[in-house]
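Here is the structure we will look at, set down as structure tokens.
Taken together, the values in this text are just the output of simple stated rules run on the coordinates, not laboratory data. Computed from a predicted model, the values in this text were never measured in an experiment. When we count neighbours, we look across all protein chains shown, and the Cβ atoms used for this are built from the backbone with ideal geometry, even at glycine.
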Amino acid sequence: TAGVIMNTLLAFFIFYTINLSEGKQKMETRMVGYVSPGSIAMKHGILPGTEIEAINGLPVQYWDDVRGNLFIESMGEDITLDVAMGPIKQKIFIPKSEMVDLNERTFGIFPTQMEPMIQQVAETGPAKDAGLQKGDIITEANGNPVLHSQQFVDIIRSNAGKDIAVTWNRNGSIMNGNIKPAADSTVGIGIGKYTGVVKNIDYNVISAIPQGFNDLWHYGVVLFVKSMWKIIKGDIAFSKAVGGPVKIAQYAGQSAEGGFLSFLGFMAMLSITLAIINILPFPALDGGHFMFLLYEGIFRKPVSHKVQIVVQNVGFIVLMAFMAFVVYNDIINI
């Protein structure tokens, strides 16, 4: 239908635009530079300097592979990490029972060479009030050296509502100030600049087309089908896997913190997901209408109007109940 086609075309156009405008950047490292205190990784003995060589048998070459293999490909599964700590190689097993809310923050590993440089400052907020500007490099917090961008993020999160004495370097000048994170542990900054080697993959107006379709297939169809299958198997809790307007708004805000193109990428994934949901064979969705047409094509007669009305009404009620559950689930998980 028109809705499915438009959602699919919109997602493709966004992926195409992103690839054409900035291509893809891959951080050429697989070494852990920082481990968050109390995180899953720290509990299992992963330390700064550890190299991640494979995740569940999937090889790692770039840090993007770490993120993809850990948070997407292995979602809802037990995880086995092949790591190297200097000359010592070992396997680290982490059961899925410990990773109910798995994401980069809860797992707690971040790449090496992430300089604590301010990338953006909100127009209003504690960081703006303290005088921080884009390009400033955080050097100390509460008298302790800051060597990694995530280290400063963790300090902010653990000091909500408390003053933090911060020292930063601005073009060679050392400056000081106090920052008081808001109740939600934010100060209104984007921080972190990767200073290591980056592999740039550029696309022209022609090569961006197949890559756009590849992104559409991988981030839309493949990811959706894998997620649905893991929900059916019980690997992922249904209440954790589904999200409504509240969760969408949260993810949209998080993606926007990464910049405009990051936000566009989120919108592309949302658009293709809506297209896939719309073609599911469920009454009240386009897929349900297709099933009626399929029945007519096979049996050479249409479904009676009365039956169509009953099925559509029941489907609509179930759909509304599901939406109510999703919104409720969003609210209780805020």
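Distant-in-sequence amide contacts of Phe110, defined by a placed amide H-H separation under 5 Å and a gap of 5 or more residues or a different chain, comprise Gly33, Tyr34. In order along the range 128-140, phi translates into HN-Hα couplings of 4, 5, 7, x, 5, 10, 4, x, 5, 10, 6, 10, 9 Hz, rounded to whole numbers, per the Karplus curve 6.51 cos²θ - 1.76 cosθ + 1.60 with θ = phi - 60° and x for Gly and Pro. Over all pairs of different C-alpha atoms, the range 24-112 has a mean inverse distance whose reciprocal, the Kirkwood radius, equals 12.8 Å. So which of Lys128/Lys180; Lys43/Lys89; Lys128/Lys247; Lys43/Lys180; Lys26/Lys96; Lys24/Lys96 end up more than 20 Å apart by C-alpha? Exceeds cut-off: Lys128/Lys247; Lys43/Lys180; Lys26/Lys96; Lys24/Lys96.
As a test of the definition: which semi-axes, in Å, follow for the chain when you take the square root of five times each eigenvalue of its alpha carbon gyration tensor? Largest first, please.
Working: eigenvalues 350, 108, 92 Å².
They are 42, 23, 21 Å, listed from largest to smallest.
Using the Cα centre of the chain as the reference point, and only Cβ charges (+1 on K/R, -1 on D/E), how large is the resulting charge dipole? Debye, rounded to the nearest 20.
Values: 25 positive and 28 negative charges, 121 e Å.
For this selection, approximately 580 debye.
Backbone amide hydrogens, once placed in the peptide plane, bring Ile189 within less than 5 Å of Ala122, excluding anything fewer than 5 places away on its chain.
The range 188-228 and the range 130-166 have Cα centres spaced 30 Å apart.
Per DSSP H run of n ≥ 4, the term is -39500 (n - 2.57); total these for the chain, divide by its residue number, and report the mean residue ellipticity at 222 nm rounded to 500 deg cm²/dmol. List each step's numbers first, then the result.
Numbers: 13 runs with 147 residues, N = 334.
For the chain, the value works out to -13500 deg cm²/dmol.
Shape summary of the range 114-198, radius of gyration then Dmax from alpha carbon positions: 11.8, 37 Å.
With point charges of +1 on the Cβ of Lys and Arg and -1 on the Cβ of Asp and Glu, referenced to the Cα centre of the chain, which listed residue (Val311, Ile137, Tyr328) lies farthest in the positive direction of the dipole? Comparing the listed Cα positions along the dipole, Val311 ranks first. Size descriptors for the range 280-332 (Cα atoms only): Rg and Dmax, in that order, 14.0, 49 Å. Just checking the listed ones, Val205, Val307, Val66: in the Gaussian network model of the chain with Cα springs under 10 Å, the one fluctuating most is Val307.
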